[in-house]
Structure formats: structure tokens, C-alpha cells
1. Report yes if residue 16 is at pLDDT 90 or above, out of contact with any strand residue (DSSP E or B) (no Cβ under 7 Å at 6 or more places or on another chain), in a helix (DSSP H, G or I) and over 29 Å from residue 1 (Cβ atoms), otherwise no.
2. Residue 27: at pLDDT below 85, surrounded by fewer than 10 Cβ atoms within 10 Å (Cβ to Cβ) and assigned to a helix (DSSP H, G or I), yes or no?
């Protein structure tokens, strides 16, 4: 897990969570043959709202990281 985490720049905990989700939901992929995938059911408005929220969080993250940099060196 640590090698995968390092290769893809993610935390090992995320890989464990993804694996758990895959194992829990993989059978459902084959049971829904011929039906729309759940991700396709998300409306465009929801996607736009989520992208806007991601932008807000990115700006806040950048702002905070710049403010914390001087304190990290102390």
C-alpha cells in the first residue's frame, strides 16, 4: 500500500478506503447491467455547485497555506 500511495501521491488510508468501497460495491456493477450508472444520475446543476465549492475551498486552502508558511519555520 505504501508503494502505491507514494507512486500516486495519495495517503495510504485513501487506498484502503477505495479498496473497501470497491469490494462492497463491485457486485452491484454487474447487477445493474443495462441500467444507468449512479454517477450519470447526478444533475449538471449539482456538478456546477460542487465545482464552485471546490474553487472556494482551493482559494481558502491557498490563502491559509500562505499565511502558515512563516509560522512553520519557527
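1. The answer is no for residue 16.
2. yes
The values are calculated or read from the model by the stated rules, or taken from the named source; none is laboratory data. Note that the structure is a prediction, hence the values are computed from the model and not measured. In this analysis, Cβ positions are derived from the backbone assuming ideal geometry, glycine residues included, and neighbour counts consider all displayed protein chains.
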